[in-house]
Amino acid sequence: MSERCRLYLISPPAFELKPFAEIVKRTLGAGDVASFQLRLKNVHDDEIRRATEVLMPIVQKHDVAFILNDLPDLAHELRCDGVHVGQDDASYAEARRIVGPNAIVGVTCHDSRHLAMEAAEAGADYVAFGAFFPTTTKEPKARADIETLHWWAEMMVVPCVAIGGITTENAQPLVEAGADFLAVASGVWDHKDGPAAAVKAFNAIFGA
């Protein structure tokens with residue numbers, strides 16, 4: 001388990017690339033962020049390529065890992081730092097074969113300890129549990145229990161990510177339960193004081 005919980009930023013499902021790139025610069029400059037996942041929905045691969053070409057250099061300049069959602073082939077082609085796969089996407093083994101031994105591969109495990117243990121044993125770099133709270137970003141397939149984070153933190157060395165409706169208001173119990181990372185989308189981008197303020201607020205919670 002990491003020394004302290006860290007922020008795992010997830011992009012909005014849609015954005016205007018040029019202005020969003022400026023927002024990402026300011027947001028990543030506001031405090032510690034471990035990784036940034038590009039999660040665009042219902043777009044052509046070329047749009048993902050364009051977004052990656054613009055955003056990945058910004059993200060990596062801040063020493064933040066650039067993770068692509070769902071698409072191992074594109075992650076490999078674009079030389080992203082890693083890929084995140086859901087249970088309906090490529091399997092962990094397939095994703096690993098495509099992106100190679102050095103890239104990060106994370107796996108969605110919903111509320112399932114069994115799926116998480118399988119992913120960890122197969123070699124996943126992290127497992128993601130959620131949704132912990134109601135979320136507007138995507139329709140959650142499952143609601144995860146905070147007890148799962150306690151259990152994982154005590155039993156396992158592979159890092160776990162908590163995801164789903166996380167905000168600065170509800171994050172504390174997840175941190176206390178042992179989450180290594182909090183994956184946050186609208187809780188940062190739609191924060192009342194702006195994304196940079198959200199990053200500062202999350203880091204204050206992690207450092208408390």
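Which is at pLDDT 95 or above and within 19 Å of D89 (Cβ to Cβ), of H191, H110?
Values: H191 fails: within 19 Å of D89 (Cβ to Cβ).
That would be H110, the only listed residue that is at pLDDT 95 or above and within 19 Å of D89 (Cβ to Cβ).
Can you spot a residue in segment 47-57 that is of a type in the set (K, R), buried (at least 19 other Cβ atoms within 10 Å of the Cβ) and either closer than 26 Å to A124 by Cα or in contact with a strand residue (DSSP E or B) (Cβ under 7 Å, 6 or more places away or on another chain) (or both)? So that I can check it myself, show each step before the final result.
Filtering segment 47-57 down to residues of a type in the set (K, R) leaves 49-50.
With the extra rule that they be buried (at least 19 other Cβ atoms within 10 Å of the Cβ), the set shrinks to none.
No, that holds for no residue.
Could you figure out which of (1) of a type in the set (V, I, T); (2) modelled with pLDDT under 95; (3) closer than 18 Å to C5 by Cβ isn't true of V157?
Only one criterion in (1) of a type in the set (V, I, T); (2) modelled with pLDDT under 95; (3) closer than 18 Å to C5 by Cβ is unmet by V157, namely (2).
Are there any pairs with C-beta distances below 7 angstrom linking a residue in segment 136-161 that is closer than 13 Å to S112 by Cβ to a residue that is crowded, with 22+ Cβ neighbours inside 10 Å and of a type in the set (D, E), with the two at least 6 apart or on different chains, and if so which?
From residues that are closer than 13 Å to S112 by Cβ, the pairs are C160/D180.
Consider segment 1-35. How many of its residues are in a helix (DSSP H, G or I) and either acidic (D, E) or under 15 Å from Y126 (Cα atoms) (or both)? Working first, answer last.
Filtering segment 1-35 for residues in a helix (DSSP H, G or I) gives 17-28.
Restricting the remaining residues to those that are either acidic (D, E) or under 15 Å from Y126 (Cα atoms) (or both) gives 22.
Residues flagged as in a helix (DSSP H, G or I) and either acidic (D, E) or under 15 Å from Y126 (Cα atoms) (or both) within segment 1-35 amount to 1.
Suppose the filter is surrounded by fewer than 19 Cβ atoms within 10 Å (Cβ to Cβ) and farther than 18 Å from A124 by Cβ; does L78 pass it? Write out each step before concluding.
Working: surrounded by fewer than 19 Cβ atoms within 10 Å (Cβ to Cβ): yes; farther than 18 Å from A124 by Cβ: yes.
When the stated conditions are applied, L78 passes them.
Listed here are the residues, each with its yes/no results for (1) in contact with a helix residue (DSSP H, G or I) (Cβ under 9 Å, 6 or more places away or on another chain); (2) within 30 Å of P19 (Cβ to Cβ).
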| residue | (1), (2) |
| --- | --- |
| E121 | no, no |
| A124 | yes, no |
| F129 | yes, no |
| E139 | no, yes |
| L149 | yes, no |
| V161 | no, yes |
| T168 | yes, yes |
| F181 | no, yes |
| V184 | yes, yes |
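Considering segment 1-35 alone, what residues qualify as being among the β-branched types (V, I, T) and touching a residue at least 60 places away in the same chain (Cβ under 8 Å)? It would help to see each step written out before you state the result.
Initial filter on segment 1-35 (among the β-branched types (V, I, T)): 10, 23-24, 27, 33.
Across segment 1-35, the qualifying residues are I10, I23, T27, V33.
Condition check: surrounded by 16 or more Cβ atoms within 10 Å (Cβ to Cβ), of a type in the set (V, I, T) and not in a helix (DSSP H, G or I). Does T168 satisfy that? Explain how you work it out, then say what you get.
On the way: surrounded by 16 or more Cβ atoms within 10 Å (Cβ to Cβ): yes; of a type in the set (V, I, T): yes; not in a helix (DSSP H, G or I): yes.
Criteria met by T168.
The values are calculated or read from the model by the stated rules, or taken from the named source; none is laboratory data. Computed from a predicted model, the values in this text were never measured in an experiment. Methodologically, a virtual Cβ is constructed for each residue, glycine included, from the backbone with ideal geometry; neighbour enumeration extends over all protein chains shown.
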